[in-house]
Amino acid sequence: MTELDTRPKPDLLALGAVTITVLSWASAFVAIRGVGTSFGAGPLALGRLLIGTVALGLVLLVRRTWVRPSRTQWLEILSVGVFWFAIYNVALNAAEQRVDAGTTSMFIQIGPILVALFAGLLLGEGFPKWLVIGAAVAFGGAVMVGVVTAVTTTDTTRTDADALGIALCLVSAVTYAIGVLSQKPVLRTIPGLQVTWMACAIGALCTLPFAPALLGDLSRASAGATGGLIYLGLVPTALAFSTWAFALSRMNAGRLGVTTYAVPPLTILMAWALLGEVPHYLAVLGGVVCLVGVGLSRRR
């Protein structure tokens, strides 16, 4: 009886963590576009990761918990830091200088498809029927959101997508998938906060060559742009990656990955509210389809 009473609690906690992650990552697309004219792709990634590393490090010091990783776990954490924190962030920032946020967020949703595919093949998670159905429906909705956003012109929407921008979106999607797949095994024995801090610190070290450019950008940036950089470091990085790791340690990687299909419609809504972008009604419909797909993927 006790087991039945306590079993739902981790699911509720994981659901709350996923909600925080999705909302934070959706806001990141808007924030990156907002500060993208003040910071270069590399400097923005470095600044965000440095702030995230400091914030996570302070929390880690307060908690005073540390598990020594094995050699294999070090390699897995190194993979997360290099691919997901370093390469992903630089590629994403550069992509949003060439492709509008809706299209960028749609292309990156290729990542969860790769996660679900390789989690089934490499992590033994299999291919549950509703996960496959939900992923297909959610991806269709994400395509609708991205395509409509790309062809709809507003005062603040950039629609000058080029081959390099699309390629950078695909690089972001692939490195995201590599990061998730590398992170899942290590979370079985290493606390999520520790893994996130280590990966964030590794990402910061990888982007350290952009330090001179970051200092130059900071000297010219407005207070609002600097505040946006701080927000990216504290919320979409330190907070959201921590809540993601928490959820990933308790959920199927493929099913968790599909929940990020809620990001594109939320990005559109936030851009509408904060940047004055009015979404096309078909983009709203696509967002609804995304949410339906996420709901279907959660069925057993």
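Checking the condition of a type outside the set (Ser, Thr, Tyr), touching a helix residue (DSSP H, G or I) at 6+ places or on another chain (Cβ under 8 Å), at pLDDT below 80 and surrounded by fewer than 24 Cβ atoms within 10 Å (Cβ to Cβ), which residue from 291, 239, 274, 266 passes?
291
Does residue 59 fit the bill of being assigned to a helix (DSSP H, G or I), touching a residue at least 40 places away in the same chain (Cβ under 8 Å), β-branched (Val, Ile, Thr) and surrounded by fewer than 19 Cβ atoms within 10 Å (Cβ to Cβ)?
In short, yes.
Under the condition of being open to solvent by less than 70 Å² (accessible area, probe 1.4 Å) and part of a helix (DSSP H, G or I), which residue from the stretch 119-135 is modelled with the highest pLDDT?
Per the criteria, the residue is 133.
Report, by residue number, each residue of the stretch 70-105 that is in contact with a Lys or Arg (Cβ under 7 Å, 6 or more places away or on another chain) and of a type outside the set (A, V, I, L, M).
Listed by number, the residues that qualify are 89, 96, 100.
Would you check if residue 105 is open to solvent by less than 70 Å² (accessible area, probe 1.4 Å), at pLDDT 90 or above and of a type in the set (S, T, N, Q)?
No; evaluated as a whole, the condition is false for this residue.
The conditions are (1) within 23 Å of residue 250 (Cα to Cα); (2) of a type in the set (A, V, I, L, M); (3) open to solvent by 30 Å² or more (accessible area, probe 1.4 Å), and residue 90 fails exactly one of them. Which is it?
Exception for residue 90: condition (1).
In this structure, is residue 53 hydroxyl-bearing (Ser, Thr, Tyr), in contact (Cβ under 8 Å) with a residue 60 or more places away in the chain and over 29 Å from residue 213 (Cα atoms)?
no
The values are calculated or read from the model by the stated rules, or taken from the named source; none is laboratory data. The structure displayed is predicted, hence computed values, not measured ones. In this analysis, Cβ positions are derived from the backbone assuming ideal geometry, glycine residues included, and neighbour counts consider all displayed protein chains. Heads up: the accessible areas ignore ligands, DNA and RNA and are worked out on the full protein's heavy atoms, side chains in. Shrake-Rupley method; radii C 1.70, N 1.55, O 1.52, S 1.80 Å.
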